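Peer 1: Right, I'll just put the structure down here and ask away after.
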Amino acid sequence: QVQLVESGGGLVQPGGSLRLSCAASGRTFSRYTMAWFRQAPGKEREFVAGIKWSGTSTAYADSVKGRFTISRDNAKNTVVLQMSSLKPGDTAVYFCAATQRITTWYSGEFDTWGQGTQVTVSS
């Protein structure tokens, strides 16, 4: 089973960009579907973006389409979420997650989670 560690969060002004990284341990990383979720205060955790094992299949929440890009490097055991045109509504703790199941991007289908990284979009 992999272990996940996120990095790259911080404070950014509206319209700015941030790059989140998720480093995975373990030799079977390439077998996992990876995703980013986020949770704002008082709200449920929601799907942001996901990528299948090969990297050729991706999915995005409607709220981030055209602004966020997910990618992975199986040789380096990393997943990256590039975020641009950030809005105050993107403020949340962002979590990296992994699963070997067939997924519909529901959080309950992911059984391995990182500790989260805070993203704050504010002027």
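The values are calculated or read from the model by the stated rules, or taken from the named source; none is laboratory data. Just so we're clear, the structure is a prediction, and the values are computed from it rather than from any experiment. Cβ coordinates were reconstructed from backbone atoms using ideal geometry, including for glycine residues, and neighbour counts include every protein chain displayed. Just so you know, the surface numbers come from the protein's heavy atoms only, side chains and all, with ligands and any DNA or RNA stripped out. Shrake-Rupley method; radii C 1.70, N 1.55, O 1.52, S 1.80 Å.
Peer 1: With the full set of protein chains in place, find how many percent of the accessible area of the chain is carbon and sulfur; take the probe as 1.4 Å.
Peer 2: Details: 3050 of 6420 Å².
Roughly 47 percent of what the probe reaches on the chain is carbon or sulfur.
Peer 1: From the backbone phi of the stretch 83-100, what are the Karplus-calculated ³J(HN,Hα) couplings (6.51 cos²θ - 1.76 cosθ + 1.60, θ = phi - 60°) in whole Hz, Gly and Pro given as x?
Peer 2: In residue order, the calculated couplings are 10, 9, 6, 5, 10, x, x, 7, 4, 4, 8, 9, 10, 8, 9, 9, 8, 9 Hz.
Peer 1: Less than 17 Å apart at the alpha-carbon level, and either on another chain or at least 8 residues along: which aspartates and glutamates does that give for Lys76?
Peer 2: Correct list for Lys76: Glu6.
Peer 1: How big is the charge dipole of the stretch 1-111 about its Cα centre, in debye rounded to the nearest 20, if each Lys and Arg gets +1 on its Cβ and each Asp and Glu gets -1 on its Cβ?
Peer 2: Values: 13 positive and 8 negative charges, 47 e Å.
Once rounded to the nearest 20, the dipole reads 220 debye.
Peer 1: Search the structure for amide H atoms under 5 Å from the amide H of Thr112, placed 1.01 Å from N in the peptide plane, and list their residues when 5 or more places away or on another chain.
Peer 2: Counting only residues 5 or more places away or on other chains, the set is Ala98.
Peer 1: Additional query: Roughly how far apart, in whole Å, are the Cα centres of the stretch 69-118 and the stretch 3-60?
Peer 2: What the calculation gives is 2 Å, centre to centre.
Peer 1: Still on this model: Tell me, what is the Rg over Rh of the chain, with Rh the Kirkwood radius over Cα pairs? Write down the numbers at each step before the final one.
Peer 2: Working: Rg = 13.4 Å, Rh = 14.2 Å.
Ratio of gyration radius to Kirkwood radius for the chain: 0.94.
Peer 1: Do any GluC sites (Glu not before Pro) in the stretch 1-66 lie in a loop, going by DSSP, with at most 15 other beta-carbon atoms within 10 Å of their beta carbon, and if so which? Before the final figure, lay out the partial values.
Peer 2: Values: sites: Glu6, Glu44, Glu46; in loops: Glu44.
Within the stretch 1-66, the qualifying GluC sites (Glu not before Pro) (loop, at most 15 other Cβ atoms within 10 Å) are Glu44.
Peer 1: Also: When the Karplus curve 6.51 cos²θ - 1.76 cosθ + 1.60 is applied with θ = phi - 60°, which whole-Hz ³J(HN,Hα) does each residue of the stretch 106-116 get, with x for Gly and Pro?
Peer 2: Values, residue by residue: 8, 4, x, 8, 9, 10, 10, 10, x, 7, x Hz.
Peer 1: How much accessible area per residue does the stretch 1-64 have, in Å², with a 1.4 Å probe? Working shown, then result.
Peer 2: Details: 3540 Å² over 64 residues.
Here the residues of the stretch 1-64 average 55 Å² of exposed surface.
Peer 1: Nearest 5 is fine: what % of DSSP beta bridges in the chain come out antiparallel, could you say?
Peer 2: Numbers: 36 of 39 bridges.
So the antiparallel bridges in the chain amount to around 90 percent.
Peer 1: Projecting each Cα onto the charge dipole of the chain (Lys/Arg +1, Asp/Glu -1 at the beta carbon, about the Cα centre), which of Met34, Ala75, Gly10 comes out farthest on the positive side?
Peer 2: Ala75
Peer 1: On to the next question. Hey, what do the phi angles of the stretch 7-22 turn into as Karplus ³J(HN,Hα) couplings, whole Hz, using 6.51/-1.76/1.60 and θ = phi - 60°, x for Gly and Pro?
Peer 2: Taking θ as phi minus 60°, the curve returns 7, x, x, x, 9, 9, 7, x, x, x, 10, 9, 10, 9, 10, 10 Hz for the stretch 7-22.
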